[in-house]
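Below: the structure, in structure tokens.
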């Protein structure tokens, strides 16, 4: 809810199913920016935040810009 209030787009998932249990669906968020809490803090769920960069230098800077040293992934065309 915090991420959506800050302007992310939920591409899939993001809504709790009806019924008992502790299931949270796999969720993909886009339009994420470094100023958002979802970019800075681990949400401990099956949530992927998509953040695009224009260059390898920008990718390295983004990967190193972590307050907690949390994991991240990088996908590339080459």
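Readers should treat all values here as calculations from the given coordinates under stated rules, not as data from a laboratory. Just so we're clear, the structure is a prediction, and the values are computed from it rather than from any experiment. Positions of Cβ are backbone-derived with ideal geometry, glycine not excepted, and every protein chain shown enters the neighbour counts.
Just a few scattered comments:
- Note on 8, 50, 28: ascending count of other Cβ atoms within 10 Å places them as 50, 28, 8, the fewest first.
- Look at the alpha carbon pairs under 8 Å that are at least 6 residues apart: their mean separation over the length of region 9-62 gives a relative contact order of 29 percent.
- Per-residue ellipticity at 222 nm, computed for the chain from helices alone with -39500 (n - 2.57) per DSSP H run of at least four residues, works out to -4500 deg cm²/dmol.
- Likely footprinting exposure, 2, 67, fewest C-beta neighbours within 10 Å first: 67, 2
- Ranked 38, 60, criterion: other C-beta atoms within 10 Å, fewest first: 60, 38
- Surface/4 estimate of mean projected area, convex hull on alpha-carbon atoms of the chain, nm²: 6.1 nm²
- Note on residue 1 and residue 48: the model spin-label points, each 7 Å out from Cα along the C-beta direction, lie 2.7 nm apart.
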